[in-house]
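Reviewing the structure listed below.
The values are calculated or read from the model by the stated rules, or taken from the named source; none is laboratory data. Owing to the predicted nature of the structure, the values given are computational and were not obtained by experimental measurement. Ideal geometry is used to build each Cβ from the backbone, glycine not excepted, and the neighbour counts take in all protein chains shown. The accessibility values were calculated without ligands, DNA or RNA, using every heavy atom of the protein model including side chains. Shrake-Rupley method; radii C 1.70, N 1.55, O 1.52, S 1.80 Å.
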Number of protein chains: 2
Amino acid sequence: KHYRDMQDIEFTIEKGKLYMLQTRTGKRTAQANVKIAVDMCKEGLIDKKEAVRRVKPEEIDQLLHPMIDPKAKVEVIAKGLPASPGAAKGKVVFSAQDAVEESKEGEVILVRMETSPEDIAGMHAAQGILTARGGMTSHAAVVARGMGKPCVVGCESITVDYEKEEFRVGDIVVKRGEVITIDGSTGRVILGSAPMVEPQLKGEFAELMRWADEIRKLGVRTNADTPHDAKLAREFGAEGIGLCRTEHMFFAPDRIKAMREMIIARDAEGRKKALEKLLPMQREDFIGIFRVMEGLPVIIRLLDPPLHEFLPQEDEQIREIAEELGVSFEELKAKVEGLRELNPMLGHRGCRLGITYPEITEMQAKAIFEAACQVYKEGKKVIPEIMVPLVGDVNEFRNQKEIIVRVAEEVMEKEGIKIEYMVGTMIEIPRACLVADEIAKEADFYSFGTNDLTQMGFGFSRDDVGKFVPYYIEKGILPRDPFSSLDIKGIGALVKIGIEKGRSVKPELEIGICGEHGGDPDSIKFCHKVGMNYVSCSPFRVPVARLSAAHAVLEEEEEK
Amino acid sequence: KHYRDMQDIEFTIEKGKLYMLQTRTGKRTAQANVKIAVDMCKEGLIDKKEAVRRVKPEEIDQLLHPMIDPKAKVEVIAKGLPASPGAAKGKVVFSAQDAVEESKEGEVILVRMETSPEDIAGMHAAQGILTARGGMTSHAAVVARGMGKPCVVGCESITVDYEKEEFRVGDIVVKRGEVITIDGSTGRVILGSAPMVEPQLKGEFAELMRWADEIRKLGVRTNADTPHDAKLAREFGAEGIGLCRTEHMFFAPDRIKAMREMIIARDAEGRKKALEKLLPMQREDFIGIFRVMEGLPVIIRLLDPPLHEFLPQEDEQIREIAEELGVSFEELKAKVEGLRELNPMLGHRGCRLGITYPEITEMQAKAIFEAACQVYKEGKKVIPEIMVPLVGDVNEFRNQKEIIVRVAEEVMEKEGIKIEYMVGTMIEIPRACLVADEIAKEADFYSFGTNDLTQMGFGFSRDDVGKFVPYYIEKGILPRDPFSSLDIKGIGALVKIGIEKGRSVKPELEIGICGEHGGDPDSIKFCHKVGMNYVSCSPFRVPVARLSAAHAVLEEEEEK
Ligand SMILES: C=C(OP(=O)(O)O)C(=O)O
Ligand SMILES: C=C(OP(=O)(O)O)C(=O)O
Ligand SMILES: [Mg+2]
Ligand SMILES: [Mg+2]
């Protein structure tokens, strides 16, 4: 008799992704579905496994987005189509470029007439997207759902004026820089910053998750760079941090200056001086995270992006920043030019930075271990795991490990504290998969960076992929976006080789994944099959991952 | 008694590359060495195999560079160090950027005080390099030798003035755009265009090469885009063209306009119109090449580079070209912006172009088959083999093959001619190696593009690699530049997987290599070991490849 209810969900599967067409209904129905499964189990009609099996991982995604506090009074100025669930707020920007720039200093909402592939980077950078035109399958809608980003489309009552950098609804004018809130679950556009409630794991939902945990074998960690995200993820059941990207910490306004001083320094001495300013800030970051993650492993990844990302690119800005830094325009301009690369994603980034500028690795290692000692002294258990990015050859790893271990021993000796730690690497360069046996001999653990592995394995730029991949999917050349769901046949084969080679020399090697795929149900099932120890994903995907990992076990049992 | 002579060669092996320190002596000695080996064999002192064994492939490189006609009267204005053998001439440019730009329209010589990693692209683009400072192991010298490019360094008598864009020697002023000739074998700098003689394969050298041919199992083809290069390579013993890059044909001044019209066209119709202008030109190119290569296979590769390479990038130029093309500045500017990519090497290039713009593939296929029919009618045997670049998935190949086969049949039907042809692919995307079995089912042949495979396999941008790879080599992190000599452990493992998978479904699959490594002795030995059918390299490397392929057999016999 309960079946009727379950079939009320309206969804569509398009190119391998499941879309809830009626997200409000979807949300309600997903909630109902969870409740029914748990109730049926409690009534003894089905067992826990069957209850878990009946709830699809894609479905609970609906339950995991922040929403506008239903009790709050808000000023709704317009209504569009609810294209991708969740609420988001931020300063209004009208171009992808502004979104990229300004998102470095705070949250932004990208407002466009409609979006096109050129806007992808800006969509990534924004908290949410609002368009005046387009339907549920418009570019903005499809891409935002793929990114899991709140999005309202087809909001026909607003008029966007790119020239004046403002949009109008009736008499109301919203200028660039003003804050709005959008609700991708209902289509509402709200003036100002609406109070939000974060989704919670409680009641039947929490119970079902616990049952999933009993079934699953894969660990579930989270990608988190701040204490806030780490805490959220922990509440969602994350068993550690699988990827803490340290570069985000350098973009804050008070820090980017020291970072820039470091970059423009003429020698190692100059770099060290600037890095000394960054050290206490990094240490604070790590202290915050270690505290929240008490007792759980925290994988901290060393600096990854190419340095020019920290420098201004336009002459005007260069002039400004040069003044701020007290160097000549020409000097800064020359530095910017010198760092410019034709293909930065294949350039001077990842461990290549730490190798050419060992001072950076030293500072980061010092910050990590000083933070660890501090939190340890507070009586909390800390489990730091340092991860070296973009390793393609074991010599790169050796070089960085030597620095990390040296600094770790120095700090701990000075503090008189002994903390267990690991030094591992990302496997995200195709070559690394082929020489993973050599790397595994030196590394304590490794984690597949499937974002870069997909990028390089396919030869698809993460930044530019909007130019032809949508066309590929439309034409059936690719079944779906390989950056969203792991390409098992090709990239998966590389991953398998990496695992086999690694375990051939170190059978107990701890192996995880921290690319975006770590939150995708199909990819998670693959990770289970190939024997990874854990997946790591963004906080809001943690419950999805827990459930997917359980489904992986159930499907395996069925196959037998 | 002959041994004494052979030990007179002065060379040094640095980071896996052999450098003749005294190139004049080197050249003479290499010649002597060949003569001695051949003579000893004829005298019955050693057998042919031993004669071949005694001449090292690296050594004969010395004999294979163009030199200034010894009988010509030339005006030597300065003398520097002979840093990399061979002679070259071209218009003088003073910056790497100018070298890149102006090399599209003719030969240039890059003149610098000294070079640095930022100049790599310019060095690549130039015919030869001249520096005022630096010794035999300066940046310019080492890099030029690596590239096999004529280079004179430490020419202290010249004064370079970047501002005025000129250099001076005594009273003589050479301005940007004036032609000079440099002789990297002697260090001479000559005003104007000196007459050159191209190296020839004759006498004992030719004889030794024939003996090498008797021993080797690998075929040797050439990378050539013009009838001139094809003819030269054939004289050097090339057994076909392994890679004819078609994009170079579009950079000529009379063609780039039509190419640009194609790119800015608003729809397929507009593109077709512009492509129709290119068709007869492409056909002429292919006719020339088919004639020269009569009776031998010619692999023609479809358009590969990202389209923005054909468009101007600076506002000033955009304005100029817009006028020329009869479109507004804004329209062209928008097009340029729209095509801009953050990582063009991982972007919209290779078969991705032919898939999104099938008209391009159609035009190219038509030009190839019309040319083939024409040459066939002249009574010459033509063996066209069309190669699809940058395939990562079999569906991409299928899509392009369908177009090629359809056009081929149409043209041949119309001409009433039946010509055997093959349609194959490059394996140059890491993923392609992992799915090579699927691809091999559809492809008639394939050729490893180890330039891109190295680029993506390592995640090293070909254009930016100067930023840290020299440092890596200095620090011993990498044994040598993986773009010069194949990284057997990593990229080689990918190649092996590709071969095994391909032959698992098609045991007789024809497999070659056409990356730069096809001319490198160690890489050639690897290609022999893994069972490739042929290597393809630039014309001047063909004899080196023939000898290396023979050495591969001899070494294998020794190992047994
Ligand atoms: C997790 C990864 O690192 P990032 O996305 O920061 O490059 C990855 O490459 O998969
Ligand atoms: C031969 C190749 O193609 P290109 O150098 O033109 O990219 C290659 O990638 O190895
Ligand atoms: Mg990465
Ligand atoms: Mg290539």
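Annotation: lysines with alpha-carbon distance below 25 angstrom to B:Lys257 (same-chain offsets under eight excluded): A:Lys467, B:Lys91, B:Lys104, B:Lys272, B:Lys273, B:Lys277, B:Lys333, B:Lys335, B:Lys366. Between the amide H of A:Val298 and those of A:Ile241, A:Ile383, A:Glu385, distances stay under 5 Å, these residues lying 5 or more places away or on another chain, with hydrogens modeled in the peptide plane. In sequence order, the range A:425-435 has phi-based couplings of 9, 8, 10, 9, 9, x, 4, 4, 5, 6, 10 Hz under the Karplus curve 6.51 cos²θ - 1.76 cosθ + 1.60, θ = phi - 60°, and Gly or Pro positions carry x. Taking Lys and Arg as +1 and Asp and Glu as -1, the other residues whose beta-carbon sits under 15 Å from that of A:Glu378 total +1.
Distances between copies of B:Val530, taken at a point 7 Å out from Cα along the Cα→Cβ vector and listed shortest first: 2.0 nm. For the range A:240-305 and the range B:127-153, what is the separation of their C-alpha centers, rounded to whole Å? Taking the Cα centre of each part, the range A:240-305 and the range B:127-153 sit 41 Å apart.
Scaling against 2.2 N^0.38 Å puts the C-alpha radius of gyration of chain B at 0.98. A helix-only calculation puts chain A at -14000 deg cm²/dmol for mean residue ellipticity at 222 nm, using -39500 (n - 2.57) for each DSSP H run of at least four residues, averaged over all residues. Packing, taken as the mean count of other beta carbons within 10 Å per residue, orders the peptides B:385-396, A:66-77 from highest to lowest as B:385-396, A:66-77. For the range B:262-329, the list of GluC sites (Glu not before Pro) that fall in a loop by DSSP and count at most 12 other C-beta atoms within 10 angstrom reads B:Glu314. Take the protein assembly as shown with all the other protein chains still there, run a 1.4 Å probe, and you get 39 Å² of accessible area per residue.
Within the range A:266-347, none of the chymotrypsin sites (Phe, Trp or Tyr not before Pro) combine a DSSP coil assignment with at most 10 other C-beta atoms in a 10 angstrom radius. Residues whose amide H comes within less than 5 Å of that of B:Phe448, counting only those at least five positions distant or on another chain, are B:Ile427, B:Gly512, B:Ile513, B:Cys514 (H built at 1.01 Å from N in the peptide plane).
Per-residue mean of foreign Cβ neighbours for A:396-406 is 1 (Cβ atoms of other chains, 10 Å radius).
What the phi angles of the range A:376-390 give under the Karplus curve with 6.51, -1.76 and 1.60, with θ = phi - 60°, is a coupling list of 4, 5, 6, x, 9, 7, 10, 10, x, 10, 9, 10, 9, x, 6 Hz, glycine and proline written as x.
What is the mean number of Cβ atoms from other protein chains located within 10 Å of the Cβ atom of each residue in peptide B:461-468, rounded to a whole number? Per residue, the average neighbour count from other chains is 6. Averaged over the residues of peptide A:423-429, the number of Cβ atoms from other protein chains lying within 10 Å of each residue's Cβ is 1. Sites listed here are GluC sites (Glu not before Pro) in the range A:461-560 whose DSSP assignment is loop and whose Cβ has at most 12 other Cβ atoms within 10 Å: A:Glu508. As a rough guide to protection, the peptides A:97-109, B:234-246 ranked by mean Cβ packing within 10 Å, highest first, stand as B:234-246, A:97-109. Put simply, when B:257-265, A:251-259, A:431-439 are sorted by average Cβ atoms within 10 angstrom per residue, most first, you get A:431-439, B:257-265, A:251-259.
In whole angstrom, how far apart do the alpha carbon centroids of the range B:430-497 and the range A:307-375 sit? Measuring centre to centre over Cα atoms gives 28 Å.
3J(HN,Hα) along the range B:84-89: 7, x, x, 10, 8, 9 Hz, from the Karplus curve 6.51 cos²θ - 1.76 cosθ + 1.60 with θ = phi - 60°, whole Hz, x for Gly and Pro. Distances between copies at A:Tyr162, taken between label points 7 Å from Cα along the C-beta direction, are 3.7 nm in increasing order. In nanometres and ascending order, the distances from the A:Asp69 label point to those of the other copies are 9.0 (point 7 Å from Cα along Cα→Cβ). What a 1.4 Å probe finds exposed on the protein assembly as shown is 49% carbon and sulfur by accessible area, rounded to a whole percent. Could you tally the net charge around A:Asp254, taking each other residue with its Cβ under 14 Å from the Cβ of A:Asp254, Lys/Arg +1 and Asp/Glu -1? Result for the neighbourhood of A:Asp254: 0.
The H on the amide N of A:Gly86, modeled in the peptide plane, is under 5 Å from the matching H of A:Gly184, A:Ser185, each at least 5 residues off or on a different chain.
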